[in-house]
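**Student:** Structure in structure tokens, see below.
The values are calculated or read from the model by the stated rules, or taken from the named source; none is laboratory data. Computed from a predicted model, the values in this text were never measured in an experiment. Every residue, glycine as well, gets a Cβ built from its backbone with ideal geometry; the counts of neighbours run over all protein chains shown. The accessibility values were calculated without ligands, DNA or RNA, using every heavy atom of the protein model including side chains. Shrake-Rupley method; radii C 1.70, N 1.55, O 1.52, S 1.80 Å.
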Amino acid sequence: MLDAKLFRSELAQTAERLKVARNFLLDVERLEALEQQRKDLQVRTESLQAERNARSKSIGQAKAKGEDIAPLLAAVDDLGAQLEAAKAELNEVQTQLQDIIAGVPNLPDESVPMGADEDDNQEVSRWGTPREFTFEPKDHVDVAANIVNGMDFDQGAKLAGARFVVLKGQIARLHRALAQFMIDLHTTEHGYEEAYVPYLVNQETLYGTGQLPKFGEDLFHVKGATENQVPLSLIPTAEVPLTNLWRDEIADEHQLPIQYVAHTPCFRSEAGSHGRDTRGLIRQHQFDKVELVWLVQPEASMDTLEMLTGHAEKVLQLLELPYRKVLLCTGDMGFGAAKTYDLEVWVPSQQKYREISSCSNMWDFQARRMQARFRRKGAKKPELMHTLNGSGLAVGRTLVALLENNQQADGSVTIPKALQPYMGGVEKIG
RNA sequence: GGAGAGAUGGCAGAGUUCGGUUGAAUGCACCUGACUUGAAAUCAGGCGUGGGCUCGCGCCCACCGGGGGUUCGAAUCCCUCUCUCUCCGCCA
């Protein structure tokens, strides 16, 4: 959420920036009208409340002195109705304003290139060299098929439906090994605190990180057993529970920065991506991810984004997987991001780089929704934190990259040195 | 699953019986000043969050777990949801 003041004192400029940078059209006239109404109604409501408070107080005083309060009660007779009407009107207007503002995307940082879609993203760097195969490389589904049926999409479909998978044997272990390796790296080398979090969260939590109100159709929602039980939703990423740990909290300055790492499954409905990446592990309704989250002071967030991205890169480097780092343009960034780097890993079967990590600085966008704040030493007012998150990495897609890049002519798959301790010391599988 | 108790400011903890000048006693923590070579101790003062109006001084509104209700007026009464604790039962 953007600062509401931007919609009052700098409405025209804000609308222009949103249009240019995010192709987001703000209904300026409607906002202006609503804001004017809000102002009038709020002043009226509050003065009615002030009047009611004053009169109620005098009734109390009169009663304490044993005076007759009947005339005072009569004088206050129609105040209640007036106040109720004003309140209702104000409420309506504020709900409308809130709906508009909650649906406005974040403004990009100055360093983000302008652009319409992914074609305008900027490649920042490449690491590693895609391997020259002396044979026709298979895709990960076929590579896995060679390893005693370690990846079974039919069984996934049988148990749950399309876009679900069952992993077994060495593939299942490799999948687990990758997650363990990533967590250990981030906790021991990069200073993250490991966290285990709920996979189901409530609506306030989803609002805090920006999934609601706008992107509810991307999630799986779980109805309570009884009618008036609170609705919960499966997390689409651990960013949601981790960042919300500081919702409605005020940290002391010395507690920052805070860094969390968690390994969780992620659940996405993938509504609107029918027919895309239907084969294989690339796009599933359920996938595992190791997520990195930072909560920092505003002045530190830009440097932190570089650090965070570096931590995700380190995983790819230690796994010896070729990748490139891409700076997303204004048009390709997520709803709440101010700046995002994607890491894309080389996928031999597709002869292209595919997203395996997305690292974003959300600026104060989520913090404002969540009221996640901190207080500087000696300062009176708390300030909004900045929040950042990034995948370090998506485990399923890492498995894809490893199987494809490390496949051998004989159908086996080599295990990178860094991962071997997590695989019982074996150098290859299959 | 059954029975009961509770949720108040950064923390602890009054107030809820019998609704009224209570944004809320008190203690701790914290900030400023005095004393001190410095610190501790002591003393004085300050010290919640969000919002509105105003050039400003400042004034006003809301908030005692969430939502709704009764009332001129609710931390206090009623309904409901959530969470916490105790006991019993069951259980990975």
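**Student:** Considering only residues that are farther than 21 Å from A:Pro213 by Cα and surrounded by 24 or more Cβ atoms within 10 Å (Cβ to Cβ), look in the stretch A:359-385 and name the one that is farthest from the chain's Cα centre (by Cα).
**Tutor:** A:Phe374
**Student:** Would it be correct to say that A:Asp117 is under 30 Å from A:Lys314 (Cα atoms), more than 13 Å from RNA strand B (Cβ to nearest atom) and modelled with pLDDT under 90?
**Tutor:** Values: under 30 Å from A:Lys314 (Cα atoms): yes; more than 13 Å from RNA strand B (Cβ to nearest atom): yes; modelled with pLDDT under 90: yes.
For A:Asp117, the condition - under 30 Å from A:Lys314 (Cα atoms), more than 13 Å from RNA strand B (Cβ to nearest atom) and modelled with pLDDT under 90 - is met.
**Student:** Another question about this same structure. Out of all the residues in the stretch A:33-81, which are among the hydrophobic types (A, V, I, L, M, F, W, C) and under 51 Å from the mean Cα position of the chain (by Cα)? First the steps, then the outcome.
**Tutor:** Our first condition is that a residue be among the hydrophobic types (A, V, I, L, M, F, W, C); within the stretch A:33-81, this holds for A:33-34, A:41, A:43, A:48, A:50, A:54, A:59, A:62, A:64, A:69-70, A:72-76, A:79, A:81.
Hits for the stretch A:33-81 are A:Ala33, A:Leu34, A:Leu41, A:Val43, A:Leu48, A:Ala50, A:Ala54, A:Val76, A:Leu79, A:Ala81.
**Student:** Test of understanding: among A:Asp152, A:Asp139, which residue is free of Cβ contacts under 8 Å to residues at least 24 places away in the same chain and surrounded by 16 or more Cβ atoms within 10 Å (Cβ to Cβ)?
**Tutor:** A:Asp152
**Student:** Among helices (runs of 4 or more DSSP H) lying entirely in the stretch A:1-85, which contain 2 or more residues that are free of Cβ contacts under 8 Å to residues at least 12 places away in the same chain, within 11 Å of RNA strand B (Cβ to nearest atom) and over 30 Å from A:Asn361 (Cα atoms)?
**Tutor:** Passing ranges, in order: A:28-64, A:70-75.
**Student:** Let me ask you something else. Being open to solvent by 20 Å² or more (accessible area, probe 1.4 Å) and either among the β-branched types (Val, Ile, Thr) or touching a helix residue (DSSP H, G or I) at 6+ places or on another chain (Cβ under 6 Å) (or both), is that true of even one residue in the stretch A:289-311?
**Tutor:** Looking for residues that are open to solvent by 20 Å² or more (accessible area, probe 1.4 Å) and either among the β-branched types (Val, Ile, Thr) or touching a helix residue (DSSP H, G or I) at 6+ places or on another chain (Cβ under 6 Å) (or both), one finds none in the stretch A:289-311, hence no.
**Student:** Here is a list of conditions, (1) in contact with a strand residue (DSSP E or B) (Cβ under 6 Å, 6 or more places away or on another chain); (2) more than 28 Å from A:Pro298 (Cα to Cα), and A:Ser357 meets all of them except one; can you say which number that is?
**Tutor:** (2)
**Student:** Further question: Looking at (1) away from RNA strand B (no atom under 16 Å from the Cβ); (2) within 31 Å of the chain's Cα centre (by Cα), which one does A:Glu132 not meet, given that it meets all the others?
**Tutor:** Failed condition: (2).
One line per residue, one yes/no per condition, for (1) assigned to a strand (DSSP E or B); (2) under 28 Å from A:Arg176 (Cα atoms); (3) in contact (Cβ under 8 Å) with a residue 40 or more places away in the chain:
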position: A:Tyr196; (1), (2), (3): no, yes, yes
position: A:Glu204; (1), (2), (3): no, no, yes
position: A:Pro213; (1), (2), (3): no, no, yes
position: A:Leu242; (1), (2), (3): no, yes, yes
position: A:Gln259; (1), (2), (3): yes, yes, yes
position: A:Pro265; (1), (2), (3): yes, yes, yes
position: A:Ser273; (1), (2), (3): no, yes, no
position: A:Gln284; (1), (2), (3): no, yes, yes
position: A:Val293; (1), (2), (3): yes, yes, yes
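**Student:** Would you mind finding the one in A:Leu6, A:Leu97, A:Leu18 that is modelled with pLDDT under 85, buried (at least 16 other Cβ atoms within 10 Å of the Cβ) and within 27 Å of A:Gln211 (Cα to Cα)?
**Tutor:** Result: A:Leu6 is the single residue among A:Leu6, A:Leu97, A:Leu18 that is modelled with pLDDT under 85, buried (at least 16 other Cβ atoms within 10 Å of the Cβ) and within 27 Å of A:Gln211 (Cα to Cα).
**Student:** Out of all the residues in the stretch A:95-138, which are within 17 Å of A:Leu343 (Cβ to Cβ) and not in a loop (DSSP other than H, G, I, E, B)?
**Tutor:** A:Glu118, A:Gln122, A:Glu123, A:Val124, A:Ser125, A:Arg126, A:Trp127
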